[in-house]
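Asker: One structure follows; several queries about it will come next.
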Amino acid sequence: MKRIFSFGLWTVMHRGGDPFGQPTRAPLDPLQAMSGLAAHGAQAFELHAEDLIPSGSPDAERDRLIRKARGLMEDVGIICVACGSDVFSDPVFRDGGLTSNEARVRRQAIARYKAAIDVGHLLDAPLFNIWGGRDGAEVDASRSPLDALKRLRDGFNELADYIARQGYNMRLSIEPKPNEPRGDLYLSTVGHTLGLIATLEQPDRVGVVLELAHAAMAGLNPAYEVAHALHAGKLFGIHLNGQRPLRFDQDLRFGGANLKDGFFVVKLLEEEVWPGPRSFDARPYRTTDGQGVWQFVEGCIRAYQILAEKVQQYHDDPEVQHLLAEIASWDTEEPDDAGGASAPRVFAYERLDHLVFEILMGTR
Ligand code: XLS
Ligand code: MG
């Protein structure tokens, strides 16, 4: 299987600003982002429609920008694998997009998403991914979380219905996150999101995008989150990055933190031959300059390739094979030995875990 590597356009367009500091890098326009990504090993990108088309642009301007983008995509050989919408930065959405207490604002959020779905369709994106960054609260007295869930359900129903009616060849996904920018977000984890999806009118059309950092922010094991999505047949996308657990959203380069978590996520994706794009949603460090952004891109891709090689090495290692075969042999109802007086089981997990460490360190 040929792996497709993808990046959010917003990752390389990010200028290094943070809540405490101004940008440190010159702006990069979306077309430069696409051609730079293609030149540095990516075959695909994701975007928010607004990364390419400023919100409120007239139709003629939208069409002109899409024509330009499509021409460039053709020239440099890059495809669009997912589109979304920025329903978080405009102050109008400060109390929420789909969950705002103002019905008028909820309509605006829906209209934004529909317009972005059209953009995704025009770029041949097979997925529309919703990360509702403002769909949460700091003041729990302001809204019942149950009302918020009903509004999310209604909103996702309307958007899935829109995609179906338009006849677009596109699936819908929801990207959970526990917090940030809101104090708490209503769709916090894969489990919460799968629960909501099951209540939708067309659940088959809707899945999840799991981001490693978001799982780590919730203190969860990202591989288990991926497993839940896979088990439900709902892993529509993945956002790979690095993150120290239980902190603010760090969006570190893939490989920049939590090596072992990264390894076990890659292991799962490779073992399951998951066909989706390996998409990176991280940010170059604030200290990175314009050139360094492309080292960041190559670093993310290389980290995935190295971890995939490590997964292969793990499976090829005779001692690992022996230990795994032994574990598999326990999966029987038969008594342990003829006499029935079973010797205490010896679990060689210490050794197995150390072998993973040695493989990852390159000492084996
Ligand atoms: C933010 C999200 C965001 C989505 C795209 O934390 O990861 O970048 O992936 O809207
Ligand atoms: Mg993401």
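Asker: Mind putting together the pair-distance distribution for the range 1-77? All Cα pairs, 5 Å bins, whole percent per bin, short to long.
Answerer: Pairs per bin, as whole percents: 3, 14, 22, 23, 18, 11, 6, 2, 0.
Asker: Take the Cα atoms of the range 40-91, find their three principal axes, and give me the spread along each one in whole Å, biggest first.
Answerer: Between the extreme Cα coordinates on each principal axis of the range 40-91 lie 36, 24, 15 Å.
Asker: Using a 1.4 Å probe on the protein heavy atoms only, what accessible surface does residue 86 show? Give it in Å² to the nearest 10.
Answerer: In the full protein context, residue 86 sits at about 30 Å².
Asker: Still on this model: In nm, give the distance between the simple-model label positions of residue 29 and residue 75, each being 7 Å from the Cα along the Cα-to-Cβ direction.
Answerer: That separation, rounded to one decimal, is 1.1 nm.
Asker: Taking only protein heavy atoms into account and a 1.4 Å probe, give the accessible area per residue of the range 180-284 in Å². Working shown, then result.
Answerer: Values: 3990 Å² over 105 residues.
Per residue, the range 180-284 has 38 Å² of solvent-accessible surface.
Asker: Placing unit charges on C-beta atoms (Lys and Arg positive, Asp and Glu negative, everything else neutral), compute the dipole magnitude of the range 136-295 about its Cα centre in debye, rounded to 20.
Answerer: 160 debye
Asker: Once amide H atoms are built 1.01 Å from N in the peptide plane, which residues 5 or more positions from residue 171, or in another chain, come under 5 Å H to H?
Answerer: 127, 128
Asker: From the protein chains alone at 1.4 Å, what is the descending order of accessible area for 361, 73, 1, 34, largest first? Mind showing how you got there, number by number?
Answerer: Details: 361 100, 73 20, 1 125, 34 0 Å².
Per-residue accessible area, sorted high to low, gives 1, 361, 73, 34.
Asker: Could you list which residues have their amide H under 5 Å from that of residue 132, counting only those 5 or more apart in sequence or on another chain, with H placed in the peptide plane?
Answerer: Here 175 satisfy the definition.
Asker: Which whole-number percent is the relative contact order of the range 41-85 (Cα, under 8 Å, 6+ apart)? Could you put the intermediate results ahead of the total?
Answerer: On the way: 34 pairs, mean separation 32.5, N = 45.
Normalised by residue count, the contact order of the range 41-85 is 72 percent.
Asker: So, by mean Cβ neighbours within 10 angstrom, what's the order for 87-93, 122-128 with the highest one leading? Write out the running numbers ahead of the final one.
Answerer: Numbers: 87-93: 17.6, 122-128: 21.4.
Highest mean packing first, the order is 122-128, 87-93.
Asker: If you wrap a convex hull around the C-alpha atoms of the range 161-298 and split its volume per residue, what is the figure in Å³? Before the final figure, lay out the partial values.
Answerer: Working: hull volume 18.2 nm³, N = 138.
So the per-residue hull volume is 132 Å³.
Asker: Here is a follow-up. To test your reading of the geometry: what angle, between 0 and 90 degrees and rounded to tens, separates the Cα axis of helix 318-329 from the longest principal axis of the chain?
Answerer: Helix 318-329 and the main axis of the chain meet at about 80 degrees.
Asker: Within the range 254-315, report the GluC sites (Glu not before Pro) that DSSP leaves as loop and that have at most 14 other Cβ atoms within 10 Å.
Answerer: Within the range 254-315, the qualifying GluC sites (Glu not before Pro) (loop, at most 14 other Cβ atoms within 10 Å) are 272.
Asker: Where does the Debye-calculated log10 I(q)/I(0) of the chain sit at q = 0.07 Å⁻¹, using only Cα point scatterers of equal weight, no solvent?
Answerer: One equal scatterer on each Cα of the chain leads to -0.34.
Asker: So, R0 is 56 Å and r is the distance between the beta-carbons of residue 246 and residue 165; what FRET efficiency does that work out to, to 0.05? Intermediate results must be reported in sequence, preceding the final value.
Answerer: Working: r = 42 Å, r/R0 = 0.76.
With a Förster radius of 56 Å, E is 0.85.
Asker: Just grab the label-to-label distance for residue 230 and residue 59, each label 7 Å out from Cα along the Cβ direction, in nm (one decimal).
Answerer: Result: 4.5 nm between the two label points.
Asker: Now for a different question. Please express the Cα-Cα pair-distance distribution P(r) of the range 47-150 as a list of whole percents, one per 5 Å bin, running from 0 to the bin with the greatest distance.
Answerer: 2, 12, 21, 21, 15, 11, 8, 5, 3, 1, 0
Asker: Something else: Residue by residue, what Karplus-based ³J(HN,Hα) values in Hz, rounded to whole numbers, does the range 49-60 have, using 6.51, -1.76 and 1.60 with θ = phi - 60° and x for Gly and Pro?
Answerer: So the Karplus estimates, Gly and Pro as x, are 3, 6, 5, 9, 10, x, 4, x, 5, x, 3, 4 Hz.
Asker: From zero outward in steps of 10 Å, how is the percent of C-alpha pairs of the range 222-268 spread across the bins?
Answerer: 26, 52, 22
Asker: Now for a different question. Divide by every residue of the chain the summed helix terms, -39500 (n - 2.57) for each DSSP H run of at least 4, and state the resulting mean residue ellipticity at 222 nm, rounded to the nearest 500 deg cm²/dmol. Mind showing how you got there, number by number?
Answerer: Details: 13 runs with 166 residues, N = 364.
Dividing the helical sum by the residues of the chain leaves -14500 deg cm²/dmol.
Asker: Follow-up question, since we're still on this one. Given a cut-off of under 8 Å on Cα pairs at least six residues apart, what relative contact order in percent is computed for the chain?
Answerer: Values: 602 pairs, mean separation 56.6, N = 364.
Over the chain, the number comes to 16 percent.
Asker: Determine Rg/Rh for the range 213-364; Rg is computed over alpha-carbon atoms and Rh is the Kirkwood hydrodynamic estimate from the same atoms. Mind dumping the intermediate values first?
Answerer: Values: Rg = 18.8 Å, Rh = 17.6 Å.
Taking Rg over the Kirkwood Rh, I get 1.07.
Asker: Mind telling me which of 103, 33, 141 comes out most flexible in a GNM of the chain, alpha-carbon contacts under 10 Å?
Answerer: Top of the fluctuation ranking is 141.
Asker: So, with +1 on the Cβ of K and R and -1 on the Cβ of D and E, and no other charges, what is the size of the charge dipole of the chain about its Cα centre, to the nearest 20 debye? Can you show the working numbers first?
Answerer: Numbers: 39 positive and 52 negative charges, 269 e Å.
Using Cβ point charges on Lys, Arg, Asp and Glu, the chain gives about 1300 debye.
Asker: Could I ask something else about it? Between residue 153 and residue 124, what is the label-point separation in nm under the 7 Å Cα-to-beta-carbon projection?
Answerer: 3.8 nm
Asker: Here's something else I'd like to know. Under 5 Å between amide H atoms, partner at least 5 residues away or on a different chain: which partners does residue 84 have, H built in plane at 1.01 Å?
Answerer: Under 5 Å from the amide H of residue 84 lie the amide H atoms of 47, 48, 49, 129, each far enough along the sequence or on another chain.
Asker: Still on this model: For the range 239-252, in order, what is each residue's ³J(HN,Hα) by Karplus, 6.51 cos²θ - 1.76 cosθ + 1.60 with θ = phi - 60°, in whole Hz (x at glycine and Pro)?
Answerer: Listing the rounded values in order: 10, 8, 6, x, 6, 7, x, 6, 10, 4, 5, 7, 6, 6 Hz.
Asker: In the range 175-207, which residues have a backbone nitrogen under 14 Å from the label point lying 7 Å from residue 140's Cα in the Cα-to-Cβ direction?
Answerer: Once the point is set 7 Å along Cα→Cβ of residue 140, 183-186 turn out to lie under 14 Å by backbone N, inside the range 175-207.
Asker: Tell me, in nm to one decimal, what length is gained between residue 349 and residue 324 on full extension, where the rule is 0.36 nm per residue of separation less the Cα-Cα distance? It would help to have the intermediate numbers written out before the result.
Answerer: Details: separation 25, 0.36 × 25 = 9.00 nm, distance 1.00 nm.
Computed gain between residue 349 and residue 324 is 8.0 nm.
Asker: Compute the length gained on full extension between residue 22 and residue 202: take 0.36 nm times their separation in residues and subtract their Cα-Cα distance, giving the result in nm to one decimal. Working shown, then result.
Answerer: On the way: separation 180, 0.36 × 180 = 64.80 nm, distance 4.32 nm.
60.5 nm is the gain from fully extending residue 22 to residue 202.
Asker: Now, a different point. By how many degrees, between 0 and 90 and to the nearest 10, does the Cα long axis of helix 145-166 differ from the longest principal axis of the chain?
Answerer: For helix 145-166, the angle is close to 80 degrees.
Asker: Just the number, please: carbon plus sulfur as a percent of the accessible area of the range 186-330, 1.4 Å probe, no ligands or DNA/RNA counted.
Answerer: Ligands and nucleic acids excluded, carbon and sulfur reach 53 percent.
Asker: For the range 190-202, in order, what is each residue's ³J(HN,Hα) by Karplus, 6.51 cos²θ - 1.76 cosθ + 1.60 with θ = phi - 60°, in whole Hz (x at glycine and Pro)?
Answerer: Result, ordered by residue: 4, x, 4, 6, 4, x, 5, 4, 4, 8, 7, 6, 10 Hz.
Asker: Here is a further query. Would you please name the trypsin sites (Lys or Arg not before Pro) within the range 63-147 that are DSSP coil residues with at most 16 other C-beta atoms within 10 Å of their C-beta? Don't skip to the end; give the middle numbers.
Answerer: Values: sites: 64, 67, 68, 70, 94, 104, 106, 107, 112, 114, 134, 143; in loops: 94, 134, 143.
Sparse-neighbourhood loop trypsin sites (Lys or Arg not before Pro): 94.
Asker: Another question, then. Restricting to the chain, compute how many DSSP beta bridges are antiparallel as a %, nearest 5. Write down the numbers at each step before the final one.
Answerer: Numbers: 4 of 29 bridges.
Among the beta bridges of the chain, antiparallel pairing accounts for roughly 15 percent.
Asker: Now a separate question. Pairs of alpha-carbon atoms within less than 8 angstrom and 6+ residues apart define the contacts here; what relative contact order does the range 150-202 have, in percent? Walk me through the numbers on the way to the answer.
Answerer: On the way: 32 pairs, mean separation 20.7, N = 53.
Relative contact order comes out at 39 percent.
The values are calculated or read from the model by the stated rules, or taken from the named source; none is laboratory data. Note that this is a predicted model, so its numbers are computed, not measured. Neighbour counts run over all protein chains shown; Cβ positions are idealised from the backbone, glycine included. The area values use the complete protein model at the heavy-atom level, side chains included, leaving out ligands, DNA and RNA. Shrake-Rupley method; radii C 1.70, N 1.55, O 1.52, S 1.80 Å.
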